[in-house]
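> Quick one: the structure is below, and I'll ask about it shortly.
The values are calculated or read from the model by the stated rules, or taken from the named source; none is laboratory data. Keep in mind that this is a model prediction, so the values were computed, not measured. Cβ: placed from backbone, ideal geometry, glycine included. Neighbour counts: every protein chain shown. Heads up: the accessible areas ignore ligands, DNA and RNA and are worked out on the full protein's heavy atoms, side chains in. Shrake-Rupley method; radii C 1.70, N 1.55, O 1.52, S 1.80 Å.
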Amino acid sequence: MFNLSLRSPSRVVEFTVECFPDISLNQINLFVIFLLIYLNIILGNITVFLCITLDSHLHTPMYIFLCSLSIVDILSSSNILPKLLYMLFTQQKIITFNGCMAQLYFFIYFTCTEFFLLAVMAYDRYVAICHPLHYALYMSMKHCALYLVGTWLAAALEPVLHTLFIANLSFCSSLQVNHFFCDISPLLTLSCNDTIHVEIATYVLGAIVGLSAFTLTLLSYVFIINSILHIKSAEGRRKAFFTCASHLTSVIIFYGTSLFLHVRPTSTYAPTQDKIFSLLYIILIPVLNPLIYTMKNKQFKEAFSRLIRLP
């Protein structure tokens, strides 16, 4: 059915990305807004990364996973925002076919990585709360390394098929991508093929990744909540809940935006709505994650204080 090679049968050389023609703001104003947001993402996540890597007090599984999450947020935003900034500033909204496919691949890759990473972090909180005496055994540095390597490698496989399916479609109508980056839905709408098989394959592959990660996360929190409810003292319940509150908040935001963005057929694709949810997904999560995990975290605040006092 598909000739699985990274080459479009229609020999498309480039696409035009429309970005935000329906927004009344001047394009340069949009450039400034997105530049400030991108710098905020980079600064916030690099701060988290440096604090964790340079401070030995934070070399624990929870912070190591958080460090990896910061890397994902930096890379995922850097996959899209620099190109968007360039297009807004120069008004040259051309992206090559191979560049478009690369952007699509890495967008899906970093999304899958975050799915798996949040699931591993949920498991970490499950072990910490439900099996505290075995935490050092189950979450040793060796185990953490295996979880992280497995997360990044497993996430790299799923987007290969997505990208190959899209790359082998024929694009025989308009080559104007009604979005601000190369995503699956706007590319499918440009194809003159019957894309139902691609859509089904996309949903099946996405369900395998999303549901497996969601199931592990959900089960972890079912056991966590059950353990918290069995703690007799109110102070003990509060402390136990506080250890997973940040992660739970991050999970709710991530899955909420993911559902709105991905769980719907291409026939219901609405460009303006899709751009809004994509912006929330690409910008909101990397901006909020450093704040969610560090604002009320005493250990991190102490590490940050030590970092800024370095000579």
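> Restricting attention to the range 7-42, and to residues there that are modelled with pLDDT under 65 and of a type outside the set (S, T, N, Q), which single residue is farthest from Phe97 (Cα to Cα)?
Checked the range 7-42; the qualifying residue farthest from Phe97 (Cα to Cα) is Pro9.
So that you can scan it fast, the table gives a plain yes or no per residue for (1) open to solvent by 60 Å² or more (accessible area, probe 1.4 Å); (2) assigned to a loop (DSSP other than H, G, I, E, B); (3) out of contact with any helix residue (DSSP H, G or I) (no Cβ under 7 Å at 6 or more places or on another chain):
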{"site": "Phe20", "(1), (2), (3)": "no, yes, no"}
{"site": "Asn40", "(1), (2), (3)": "yes, no, no"}
{"site": "Ile64", "(1), (2), (3)": "no, no, no"}
{"site": "Ser70", "(1), (2), (3)": "no, no, no"}
{"site": "Ser76", "(1), (2), (3)": "no, no, no"}
{"site": "Pro82", "(1), (2), (3)": "no, no, yes"}
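> Tell me the helices (runs of 4 or more DSSP H) entirely within the range 126-199 that contain at least 2 residues that are open to solvent by less than 30 Å² (accessible area, probe 1.4 Å) and at pLDDT 85 or above.
141-167, 184-188
> Still on this model: Met87 is checked against (1) part of a helix (DSSP H, G or I); (2) in contact with a helix residue (DSSP H, G or I) (Cβ under 8 Å, 6 or more places away or on another chain); (3) open to solvent by less than 10 Å² (accessible area, probe 1.4 Å) and fails just one. What number does that condition carry?
It fails just one condition, (2).
> Could you say whether any residue in the range 205-216 is more than 22 Å from Ile253 (Cα to Cα) and either free of Cβ contacts under 8 Å to residues at least 40 places away in the same chain or under 16 Å from the mean Cα position of the chain (by Cα) (or both)?
Checking the range 205-216: not a single residue is more than 22 Å from Ile253 (Cα to Cα) and either free of Cβ contacts under 8 Å to residues at least 40 places away in the same chain or under 16 Å from the mean Cα position of the chain (by Cα) (or both).
> Going by the structure shown, is Leu4 open to solvent by 40 Å² or more (accessible area, probe 1.4 Å), farther than 18 Å from Asp183 by Cβ and modelled with pLDDT of 95 or more?
no
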